[in-house]
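> One structure follows; several queries about it will come next.
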Amino acid sequence: MTSRPISRSAGERAPDLTGMKVAHRAMLADTRRFTEIVHRIGAGEACGARRRRTIADYLGLLCDSIHHRHTVEDDVVWPILESSAGAAIDVRELQDDHAELEGLLGDLRNRVDAFARAREGDRRVSAELAEALARTHELLAERIAEEERAVFPIVARYVSVSDWDRVEKAARTGGKMRFEAPRMLRHAEPSELAKMKKEAGPIIRALLALLMRGHDKREAIIAGPAR
């Protein structure tokens, strides 16, 4: 580990952290809203087989997405930070947070499987899933706030654009575009959305529009009966 890292020179471009920021925003929004959705189901809101299956499928993909992000951080981000910033950052606590979150994800997956198999009206299973989602959201919120506080300034100061491009490539590799892309578009701020669409090009924008239609149909099923 380098003990005296070299700061970015004046005028040198810093990495674009938009992708990670939006990914964090999407994780928090999904765990929060599904806690509320499943809590309502546990309180007696109608949830037929199609809606139950769609919710379970989405939550399974969400667990995969969070796990993939953690893998990218463990395998790519932390080594880059240690190489670039040396003693300016200690990633051990961040690694410990991942271990705790992976334990919660394992429990959440079990609760999702039980929810998918449950009969309509089984309030206990829904309540247990809502509790698991709430715990996951709480820990994610704490970890993401700490990560953005500790890591983002280090990336901005020490990490090269080319090294951060490796992070972005690793995040795309192994991710499920049909799931990830619509969520990124939904949770991007207007300026971020405009930038992503401009960089995507016409062919990718057309594909994204197609993916959004499928995403919106799924969202309508997940939302359930009008209140």
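The values are calculated or read from the model by the stated rules, or taken from the named source; none is laboratory data. A quick note: this is a predicted structure, and the numbers were derived from the prediction, not measured. Here Cβ is always computed from backbone atoms with ideal geometry, including for glycine, and neighbour counts include all displayed protein chains.
> Confirm whether GLY174 is within 19 Å of the chain's Cα centre (by Cα) and not in a helix (DSSP H, G or I).
yes
> Moving on to the next point. Any residue at all in segment 84-94 that is under 17 Å from the mean Cα position of the chain (by Cα) and on the phi < 0 side of the Ramachandran plot?
Among the residues of segment 84-94, at least one is under 17 Å from the mean Cα position of the chain (by Cα) and on the phi < 0 side of the Ramachandran plot, which makes the answer yes.
> Let me ask another. Collect the residues in segment 87-126 that are exposed (fewer than 15 other Cβ atoms within 10 Å of the Cβ) and hydrophobic (A, V, I, L, M, F, W, C), keeping them in residue-number order.
ALA87, ALA99
> Residue by residue through segment 20-55, note down the ones that are crowded, with 18+ Cβ neighbours inside 10 Å and either at pLDDT below 90 or aliphatic (A, V, I, L, M) (or both).
Result: MET20, VAL22, ALA23, ALA26, MET27, ILE37, VAL38, ILE41, ILE55.
A quick yes/no check of all residues on (1) more than 19 Å from HIS68 (Cα to Cα); (2) of a type in the set (Val, Ile, Thr); (3) in contact with a Phe, Trp or Tyr (Cβ under 7 Å, 6 or more places away or on another chain):
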| residue | (1), (2), (3) |
| --- | --- |
| ARG123 | yes, no, no |
| ALA132 | yes, no, no |
| ILE144 | no, yes, no |
| GLU148 | no, no, no |
| TYR158 | yes, no, no |
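> Which ones in segment 50-90 are closer than 25 Å to THR136 by Cβ and of a type in the set (Ser, Thr, Tyr)?
THR54, TYR58, SER65, THR71
> Can you tell me which residues in segment 115-147 are touching a helix residue (DSSP H, G or I) at 6+ places or on another chain (Cβ under 7 Å) and under 15 Å from ARG25 (Cα atoms)?
THR136, HIS137, LEU139, LEU140, ALA141, ARG143, ILE144, GLU147
> Which condition number does LYS217 fail, the rest of (1) surrounded by 15 or more Cβ atoms within 10 Å (Cβ to Cβ); (2) closer than 25 Å to THR35 by Cα being met?
Single failed check for LYS217: (1).
> For the condition touching a residue at least 24 places away in the same chain (Cβ under 8 Å), surrounded by fewer than 18 Cβ atoms within 10 Å (Cβ to Cβ), over 30 Å from GLY86 (Cβ atoms) and not polar (S, T, N, Q), what is the one hit in ARG205, ARG186, ARG157, ARG166?
The unique qualifying residue is ARG186.
> Same structure again: So which of GLU168, GLU146, GLU142, GLU138 ends up being under 19 Å from the mean Cα position of the chain (by Cα) and at pLDDT 95 or above?
The conditions single out GLU138.
> Quick check on GLU180: is it in contact (Cβ under 8 Å) with a residue 12 or more places away in the chain, assigned to a helix (DSSP H, G or I) and not hydrophobic (A, V, I, L, M, F, W, C)?
yes
> Anything in segment 71-86 that is buried (at least 19 other Cβ atoms within 10 Å of the Cβ) and not hydrophobic (A, V, I, L, M, F, W, C)? List them, or say none.
GLU73, SER84
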